[in-house]
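Take a look at the structure set out below.
The values are calculated or read from the model by the stated rules, or taken from the named source; none is laboratory data. All figures in this text were calculated on a predicted structure; none of them were measured in a lab. Using ideal geometry, Cβ is built from the backbone for each residue, glycine included, and neighbour counts are taken over all protein chains shown. SASA here: full protein model, heavy atoms, side chains in, ligands and nucleic acids out. Shrake-Rupley method; radii C 1.70, N 1.55, O 1.52, S 1.80 Å.
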Amino acid sequence: LPQDRAKRISSLLQPKNNWTKKEVGEMLNDNTSSITPSIATNLISALDSKAFSSSEKQAISILKKWNGSNNLKDIAPTIYQKWIYNYLKNTFQDELGETDFNMLLSTHIVKQIIEPQSRNESSIWWDDVATKNKKETRTEILNKSFHEAISALENQLGKEVDSWTWNRVHTLEHQHPLGQVAALRSVFNVGPFEVPGSTEVINNLFFNFTNAGEYQVKGGPSTRRVIDFSDIENSMSILPTGQSGNPFSKHYNDQAEMYNTGKFRKMKLNKEEIIKTSTKLVFIPK
């Protein structure tokens, strides 16, 4: 895996050693990448600014100011991820073919190569093998990918760049096997929800790249917990959906909204409290 999350965690931990439970909880829900702004800056440096449309100028301005956050109303990650997808497609698909390229996108390898490949002026991968008697360069591929990305976003989300917010494309649906049947989806699946986070941030709600420009979360934290060993009975946790696997239980999905918004619930670790607040089901044989 790339270093993104480790670098972000280190940068947050190093300045202090008097963390509170609240602050640890906020860190677990951190949506900021320490790597993507520098990659965006590197990509922008390759652009030829002679013939930019108004949308392209606005998109570049947004990326230049980006701190790497992936919050619901951020616009930069929508632009960035679409540009990254097109850059990868225009770099590798001509050699690999569509099937193998899509396989590459589903691996951790592709996360590792995004940054170094984008800087490698002499890489043989820049050349499009489908064009004869021409050898494409890094500058040509990155410019082509940027223009295609902005055009695709205009077709997908409209002409107003300010409306290209992350919540419109990054969604989470907890899928049950029976939810694959359309008539049963609303009963068994939980969601879909518009969610913050992204691939390789601490709040690692990750996805596969697709040409559609929609980033459907395929995995993430299976639980979040904050435990203070000096106050163990007031520890906090949250689950992605709920404690019950029964779709007809009120506890099947009652933690989903809290999980999506970065909230926690008190863990019950005291026997008296557990008994006092629980229900008991007793089976008596005839």
Rh (Kirkwood, all Cα-Cα pairs) for segment 160-201, Å, reads 11.9
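If I take every Cα pair under 8 Å that is 6 or more residues apart in segment 168-277, average their sequence separation and divide by the length, what percent do I get for the relative contact order?
Values: 174 pairs, mean separation 21.1, N = 110.
Relative contact order here is 19 percent.
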Under the rule rounded for a/c under 1.5, else prolate if a/b exceeds b/c, else oblate, using alpha carbon gyration tensor axes a ≥ b ≥ c, segment 120-210 is classed as prolate
So, relative contact order of segment 1-114 in percent, Cα under 8 Å, 6 or more apart, is 29
With a ≥ b ≥ c from the Cα gyration tensor eigenvalues, square-rooted, and the rule rounded for a/c under 1.5, otherwise prolate when a/b > b/c and oblate otherwise, segment 180-257 is oblate
Calc'd 3J(HN,Hα), segment 168-174, phi into Karplus 6.51 cos²θ - 1.76 cosθ + 1.60 (θ = phi - 60°), Hz, glycine/Pro = x, comes to 6, 10, 10, 10, 10, 9, 7
Expressed in nanometres to one decimal, the distance between label points 7 Å along Cα→Cβ at residue 106 and residue 20 is 4.6
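Would you list 151, 235 from the most to the least accessible area, probe 1.4 Å? Intermediate values should be presented prior to the final figure.
Values: 151 55, 235 0 Å².
Listed by decreasing accessible area, they come as 151, 235.
Skip the ligands, DNA and RNA, and give the accessible area per residue of segment 145-269 with a 1.4 Å probe, whole Å².
Working: 6440 Å² over 125 residues.
That works out to 51 Å² for each residue.
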A correct Stokes-Einstein calculation for segment 86-243, using the alpha-carbon Kirkwood radius, 25 °C and 0.890 mPa s, returns a whole-number D in µm² s⁻¹ of 130
Share of Cα-Cα pairs in the chain beyond 26 Å, whole percent, is 53
Expressed as a percent, the accessible surface of segment 168-277 that is carbon or sulfur, using a 1.4 Å probe and the full set of protein chains, is 52
Note on the chain: helices (DSSP H) long enough, at least 24 Å by alpha carbon along their axis, and hydrophobic enough, mean Kyte-Doolittle at least -1.0, are 76-96, 138-157
The ³J(HN,Hα) series, computed from each phi in segment 243-249 with the Karplus coefficients 6.51, -1.76 and 1.60 at θ = phi - 60°, rounded to the nearest Hz and given as x for glycine or proline, is 7, 9, x, 8, x, 9, 8
Helix-only [θ] at 222 nm, the chain, -39500 (n - 2.57) per DSSP H run of 4+, per residue, nearest 500, equals -12000 deg cm²/dmol
Here segment 3-164 gives, from Cα atoms, an Rg and Dmax in Å of 17.7, 63
Scaled by the rule-of-thumb 2.2 N^0.38 Å, the alpha carbon Rg for segment 216-255 gives a ratio of 1.46
Here FRET efficiency (C-beta to C-beta, residue 182 to residue 41, R₀ 45 Å, nearest 0.05) is 0.55
Between residue 69 and residues 5 or more places away or on another chain, the pairs with built amide H atoms under 5 Å apart involve 33
Counting only residues 5 or more apart in sequence or on a different chain, those whose built amide H sits under 5 Å from that of residue 224 are 238
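Quote the charge dipole size of segment 27-148 about the Cα centre in Debye, to the nearest 20; the model charges only the Cβ of Lys and Arg (+1) and of Asp and Glu (-1).
In debye, rounded to 20, segment 27-148 gives about 400.
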